[in-house]
Amino acid sequence: MTPLATIIIAIAVIVVLAAVVLVTSARRSDVRGAGALSRETVKRDKSIKAESGAGPTGAAYESTEVATRSTELAKATEVAPVAWEAPDQDAVDVSRRQFFNRAAITLMTTSIATFGVACIAFLWPRAGGGFGSKVTVGRLEDLLVQIRSDKGFVYKPEARTWLTAYPADALPKARKAYAKQGPVLAGMEAGIVALYQKCPHLGCRVPECKSSQWFECPCHGSQYNRIGEKKAGPAPRGMDRFGVTIANGNVVVDTGTVFNGPAIGTNTSGQEAEGPHCISGGGAKH
């Protein structure tokens with residue numbers, strides 16, 4: 001599921017919850033059955049009618065009133081003015097029930113809105129620096145020198161990335177194997193590979209092995225050559241990788257997009273183990 005789909009689902013759930021809270025809080029529970037007569041009232045009316053006997057029908061009563069109606073104007077009775085009295089504040093101001101209803105609605109709406117904003121902020125990809133965005137890891141010339149001085153491997157924690165050099169003589173094979181991964185191939189053509197630190201098998205962090213010059217996962221024994229192509233173990237593919245661009249001589253690793261590692265059997269560099277393996281013994285783990 002994409003982050004955008006997750007955000008849309010979260011917004012829909014928040015809107016539904018807010019609607020339920022508003023309807024539940026606004027409904028008055030003390031007017032149940034308003035406008036309907038109780039059984040006792042209906043029974044009492046029937047008994048009164050039965051005791052009073054048969055009276056005039058509505059039409060006869062109306063005809064009698066019309067016949068006795070006078071057209072003479074009656075003088076209105078003079079009424080003395082009534083002194084003004086201040087209204088009861090309880091009748092004018094908000095009642096306790098209204099206050100609590102409005103307070104409950106306001107607090108619940110604010111809480112749900114705050115929770116929704118927090119969820120969206122958590123799910124929304126970060127536009128700034130750090131993992132999940134484009135990370136500048138250094139100048140290309142300096143990184144290549146550092147890779148050679150560190151015996152083939154450089155780790156950049158801010159990008160969760162292993163950087164290794166890509167051999168120029170392997171580029172013809174790389175252009176075929178990585179043709180559909182343009183940003184990855186661009187980094188290879190610049191002489192560098194950015195490998196995601198997680199093992200494609202179960203997500204363990206894969207360390208380098210200085211003696212074999214491979215990556216060797218200590219969790220379940222998956223092994224990859226120096227450019228992350230699978231050599232052994234239960235992993236379903238080679239190490240995943242990031243796209244690389246060169247901007248003004250600086251290497252920029254796009255950690256917002258993870259490209260799947262190459263299929264099993266891919267070996268563009270032809271590199272074999274250059275010494276004892278760290279997982280099987282004989283080499284020092286790093």
ask   = By count of other Cβ within 10 Å, fewest leading, how are Asp150, Asp169 ordered?
value = Asp169, Asp150
key: Residues Tyr155, Tyr178, Tyr61 arranged by fewest to most Cβ contacts within 10 Å   = Tyr61, Tyr155, Tyr178
request  = With only Lys, Arg, Asp and Glu charged, each at its Cβ (+1 for the first two, -1 for the last two), find how big the charge dipole of the range 142-286 is about the Cα centre; round to the nearest 20 debye.
outcome  = 280
query = For Cys217, Cys209, what ranking results if the residue with the fewest other Cβ atoms within 10 Å of its Cβ goes first?
reply = Cys217, Cys209
request  = Sequence neighbours fewer than 8 away in the same chain don't count; with that in mind, list the lysines whose C-alpha is under 28 Å from Lys180.
outcome  = Lys134, Lys156, Lys198, Lys230, Lys231
remark   = For the range 134-259 the mean separation of alpha carbon contacts under 8 Å (6+ apart) over residue count, i.e. relative contact order in percent, is 28
query = Can you list the aspartates and glutamates whose alpha carbon is less than 16 Å from that of Lys210, not counting same-chain residues fewer than 8 positions off?
reply = Asp150, Glu272, Glu274
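Read the figures in this text as sums done on the coordinates, not as results from a lab. Only a predicted model underlies this, so the values are computations on that prediction, with no experimental measurement involved. Cβ atoms come from the backbone with ideal geometry, glycine included; neighbour counts cover every protein chain shown.
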